[in-house]
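The values are calculated or read from the model by the stated rules, or taken from the named source; none is laboratory data. Everything quoted here is computed from the prediction, not taken from an experiment. Methodologically, a virtual Cβ is constructed for each residue, glycine included, from the backbone with ideal geometry; neighbour enumeration extends over all protein chains shown.
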Amino acid sequence: MTKRILFLLFLCLFVGSADRIGQADENSTAVSAATVEERRILAELREARQLLQEREQKVAQREMELKTLREEVDKKLADLEQRRAELAQMLTEKDETEVRKAKELSKMYEKMDPFKAAEVIASLEKDLAVAILEGMRGKSAGKILQEMERETAADLTVSYSSLAE
């Protein structure tokens, strides 16, 4: 298709010079036959030029659409990155708050009677129970674990030891 268009453009240039020759000798039958052929070629060239212009317009429009879409995507990516950073900050703050509260709970349970503290800690979620035991002095944690059922104390001890690694 491209070769044909280039050929037609070449013929257009050639036809322009042949048209001038044809004007000088209009009485000749050969010139009038060439003129019909030239008109056909010119018509094809005009049509090809129109098609090229339409394609160029479509390409320019698509490029503009792509540029707009690219800008929208970049804007959304920047927004998502900002939100991710905000979420990461919030998670960090949440983790710090949980650690601080677990330390506070550790101090409270450390002051309690080991039997009562063991009952309450045994009923807590394992991660929280381990965090509380972790915040205590070893002697206090040992007394509380001693007051728990053997299986619960063993489970918390295993979780605590894997946390230390």
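Okay, residues lined up against (1) part of a helix (DSSP H, G or I); (2) closer than 30 Å to Tyr160 by Cβ; (3) not β-branched (Val, Ile, Thr):
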| site | (1), (2), (3) |
| --- | --- |
| Arg40 | yes, no, yes |
| Glu44 | yes, no, yes |
| Arg49 | yes, no, yes |
| Met64 | yes, no, yes |
| Met90 | yes, yes, yes |
| Ala129 | yes, yes, yes |
| Ile132 | yes, yes, no |
| Leu145 | yes, yes, yes |
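Taking the criterion of being of a type in the set (Val, Ile, Thr), exposed (fewer than 15 other Cβ atoms within 10 Å of the Cβ) and in contact (Cβ under 8 Å) with a residue 12 or more places away in the chain, the only residue of region 93-151 that qualifies is Val99. Applying a threshold of 7 Å to beta carbon distances and a minimum spacing of six or more residues, or different chains, the list of pairs starting in region 56-71 at a residue that is touching a residue at least 12 places away in the same chain (Cβ under 8 Å) and aliphatic (A, V, I, L, M) and ending at one that is in a helix (DSSP H, G or I) and surrounded by fewer than 10 Cβ atoms within 10 Å (Cβ to Cβ) is empty.
Residue by residue, here is whether (1) of a type outside the set (Gly, Ala, Ser); (2) assigned to a helix (DSSP H, G or I); (3) modelled with pLDDT of 95 or more holds:
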| residue | (1), (2), (3) |
| --- | --- |
| Gly22 | no, yes, no |
| Asn27 | yes, no, no |
| Glu86 | yes, yes, yes |
| Glu96 | yes, yes, no |
| Ala118 | no, yes, no |
